[in-house]
Amino acid sequence: EYVIDEAKLKTQYENLCVNPFEVISTSYFKACSEKLCKFETDNKKSTLKVTYTAMHGVGTAFTKRSFESFGLPPFIPVEKQVDPDPEFPTVEYPNPEEGDGALQLAIQTAESNNSTLILANDPDADRLAVAERQADGKWYMFSGNEIGALLAHWQFSNYKGDIGKVAMVASTVSSKLIGAIAKKEGFLFEETLTGFKWLGNRSVELREQGYDVLFAFEQAIGFCVGDLVKDKDGVAAAAVFAEMANQLQLQGTNCHDHLRNCINETYGYFVSNDGYILSPDKAINNKIFEGIRNDGKYRDTVGKGEYKVTGIRDLLAPGYDSSTPDNKPKMPVGSGQMITFTFSNGIVLTLRMSGTEPKLKYYTEISAPNPVDAKNELDKFVEDAVKGDLLKLD
């Protein structure tokens, strides 16, 4: 094994060999405190017990420092998942997006320590998953859209400047709830293509135009809070979420109830159903999208005629958008498969091919006064129109 003798290198190349880690990390956490922390005095007195897992990744040391920079009490670590381990021995998939299955050890740790909040980073700590124990003892796993709504509302609610200069950004497959908040409160909301390359670049452009971009997110539990970095950052997001949860506890509520009783009741219920179908055959995948396009005569109904299409946007070059006067999309077009439908019942559906995995992905959402009825309608739509029709592989 080749070992770098750092001391020897410093002696031989005193002015050339510099490890900037401590300088950069110290500067980063100082900026975390100065730019993102809002209630340090309350944080120092917090009685909220937070359980944290790095999912066998690199997040523990960094998230520990982000908590310290906010004045938050130390979190309770999931001991078996603290250290980096490329074998990920305690989880089937080292992805907190997988929900309860990936958080079993975290739930056990939380319950044995009477902790009510679980924060989980993915192995490279750029994403954040959240679960919260409810009054009935059951754990509620927040979706990426729900975490995004909570953080967006937190950022907006604590903003002290000109609301007309505030902006937020989300990927086009993420929830429209932040758009509803922006419309009611009077700040700018924009959508981009999927991926933080697009979200980060658009945030930079908006800042150059004089906007204060408070938040950017994608539903795949990726969050950029403030302007500290121009990418998703699970380390800073974890500290921000813990501070928010502590404030809600001081107000006599929790994150789930705040989402339902404050955010949803004020701005509307937005119910999502996202998923994917494994499909490694590229020819079949292309055939599916070609069938939807139908030589430019896009389908006007799906699900055996039950669901009427009222709008279509196709981002495969040269592109098509039924909502624009010239039928050209406002978003960039390219070589990737991505089609969005709007239906007469208010459902929005986006279909796309994953850029890294053999998956046909679907994203659906509906806004309705009754979330239970909306969920039932959306679940039926996914089974009948998405899996049973548009993405049917046989």
**Request:** State which residue is most open to solvent (accessible area, probe 1.4 Å) when the search covers only the stretch 117-158 and only residues that are touching a strand residue (DSSP E or B) at 6+ places or on another chain (Cβ under 6 Å) and aromatic (Phe, Trp, Tyr).
**Result:** Tyr140
**Request:** Could you check Phe187 against (1) in contact with a Cys (Cβ under 8 Å, 6 or more places away or on another chain); (2) open to solvent by less than 50 Å² (accessible area, probe 1.4 Å); (3) not basic (Lys, Arg) and say which number it fails?
**Result:** (1)
**Item:** Test set (1) in contact with a strand residue (DSSP E or B) (Cβ under 9 Å, 6 or more places away or on another chain); (2) of a type in the set (Val, Ile, Thr); (3) modelled with pLDDT under 95 - Ile4 fails condition number
**Value:** (1)
**Request:** Quick one: Val372 ticks every box in (1) assigned to a helix (DSSP H, G or I); (2) farther than 29 Å from Gly148 by Cα; (3) open to solvent by 60 Å² or more (accessible area, probe 1.4 Å) except a single one, so which number is it?
**Result:** (2)
**Fill in**
Over the stretch 283-340, the set of residues in contact (Cβ under 8 Å) with a residue 24 or more places away in the chain, part of a loop (DSSP other than H, G, I, E, B), within 26 Å of Trp198 (Cα to Cα) and out of contact with any strand residue (DSSP E or B) (no Cβ under 7 Å at 6 or more places or on another chain) is Met331, Pro332
**Message:** I'd like the residue in the stretch 13-48 that is of a type in the set (Phe, Trp, Tyr) and part of a helix (DSSP H, G or I) and, out of all such residues, is surrounded by the most Cβ atoms within 10 Å (Cβ to Cβ).
**Reply:** Phe29
**Subset of the stretch 324-344 (residues that are exposed (fewer than 15 other Cβ atoms within 10 Å of the Cβ) and at pLDDT below 95)** = Lys330, Pro332, Gly334, Ser335, Gly336
**Message:** Quick check on the stretch 91-116: of everything there that is touching a residue at least 24 places away in the same chain (Cβ under 8 Å), open to solvent by 60 Å² or more (accessible area, probe 1.4 Å) and touching a helix residue (DSSP H, G or I) at 6+ places or on another chain (Cβ under 8 Å), which residue is farthest from Gln134 (Cα to Cα)?
**Reply:** Glu97
**Residue in the stretch 172-183 that is open to solvent by less than 40 Å² (accessible area, probe 1.4 Å), touching a residue at least 60 places away in the same chain (Cβ under 8 Å) and either in a strand (DSSP E or B) or out of contact with any helix residue (DSSP H, G or I) (no Cβ under 8 Å at 6 or more places or on another chain) (or both) present** = yes
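The values are calculated or read from the model by the stated rules, or taken from the named source; none is laboratory data. None of the values given here were measured: they were computed from a predicted structure. Positions of Cβ are generated from backbone atoms using ideal geometry, with glycine treated the same way; all protein chains shown enter the neighbour counts. Accessible surface areas use protein heavy atoms only, side chains included; no ligands, DNA or RNA. Shrake-Rupley method; radii C 1.70, N 1.55, O 1.52, S 1.80 Å.
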